[in-house]
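What follows is calculated from the coordinates using simple rules that are stated; it is not laboratory data. As the structure is a prediction and not an experimental result, all values here were calculated from the model. Heads up, the Cβs are rebuilt from the backbone with ideal geometry, glycines too, and the neighbour counts pull from every protein chain shown.
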Amino acid sequence: MPKKIVISKIGGPEVLKFIDYNLAHILSDNDVRIKQTAIGLNYIDTYHRNGIYPLPSELPVCPGLEASGEIIKVGKNIKNFKLGDKVCYASTPLGAYCEIRDFPASKLIKIPDGISDIVAASTLLKGMTVEYLFERLYKIKKNETILFHAAAGGVGLLACQWARSIGCKMIGTVSSDEKAKIAKKNGCDHIINYKKENVISKVKEITNGKGVPVVYDGVGKDTFEISLGCLDYKGLLVSFGQSSGMVKNVNLHETFNSKSLFYTRPTLMQYNLTRAQLEKSSNLLFNKLITGKINNHIFKTFELGNASEAHSVLHSRASFGSIILKP
């Protein structure tokens, strides 16, 4: 009998339970059945677990949005996938924290030759996040200077490399000297250790007093005011996550009027609504992986049954790069 992780109630990592489950006897005509080989751990998983993002159904719920594996069964309407295909996904419906699952073929991506299942599961969601942030939401440019918080995290290290591949000058914030070295090695031009340095002052120093045209902020509450202070006139604050918690009680006029600032709260799912958008985003990511312009960084691999421990490590902010769950 296969096993999966479920959220038993809203709360901390301890609410994740490892249980047996039964597969549906009938596979939907538009789905494929995947034997999973690697599962990506992402901050959005913790938002579902702790209630920041509401779950789509009653508890218990199997979390997770990203995984890779092999197709072991196909629905009657499936034409573009076959048994034995190596595939990956980074999308709803929730349920990636399991050994075997059924998944809509319309949201599935074939893994190209030269990319392993572990690389796919550790980079697809984070890498497509960087793709839409840098290529579609705000198109970063060669020799332009931008600010990216948490530059040594899973998304941050890919952002460092992506910016370097374009020739964009990235300022990255980190919490330790060790993380500073890692971000620098991956292409971050300027490193600010926010435990030791004033981020706003350093950004102004680097940009000759101007500030940056765009700040990418996946941290949230702890960095919101800092991000605003780092922006140039008519700058854009891109809030794509809230690992430190939600920003509260914002006075729109006082916050954005003084420098005519822009604000957006985007999500990957809305930037990849169509099949064409999904394929274009993943293809650009895979091309950068295959050509060596970016590389994945796996911090640690946990057995699926130890998902609660993996969540605790992610919360500690001691990790850098990606964390993988192994079915």
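Numbers for the structure displayed
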{"quantity": "More than 26 Å apart - percent of Cα-Cα pairs taken over the stretch 142-265", "calculated": "13 percent"}
{"quantity": "Antiparallel bridges, percent of DSSP beta bridges restricted to the chain (to nearest 5)", "calculated": "55 percent"}
{"quantity": "Reachable lysines, given that their alpha-carbon falls under 21 Å from the alpha-carbon of K234 and they are not under 8 places away in the same chain", "calculated": "K139, K141, K142, K169, K202, K204, K210, K259"}
{"quantity": "Local electrostatic count at C88 - Lys and Arg +1, Asp and Glu -1, tallied over other residues with Cβ under 11 Å", "calculated": "-1"}
{"quantity": "Order by protection proxy (mean Cβ within 10 Å, highest first), peptides 17-29, 108-120", "calculated": "108-120, 17-29"}
{"quantity": "Ratio Rg/Rh [Cα only; Rh per Kirkwood] for the chain", "calculated": "0.98"}
{"quantity": "Fewest-first ranking of T264, T123, using other Cβ atoms within 10 Å as the exposure measure", "calculated": "T264, T123"}
{"quantity": "Most mobile of E131, E58, E309 in a GNM of the chain (Cα contacts under 10 Å)", "calculated": "E58"}
{"quantity": "Anchor K3: aspartates and glutamates whose Cα lies under 19 Å away (excluding residues fewer than 8 positions away in-chain)", "calculated": "E14, D20, D45, E66, E70, E99, D102, E303, E309"}
{"quantity": "The stretch 142-265: relative contact order in percent, alpha carbon pairs under 8 Å with at least 6 residues between", "calculated": "20 percent"}
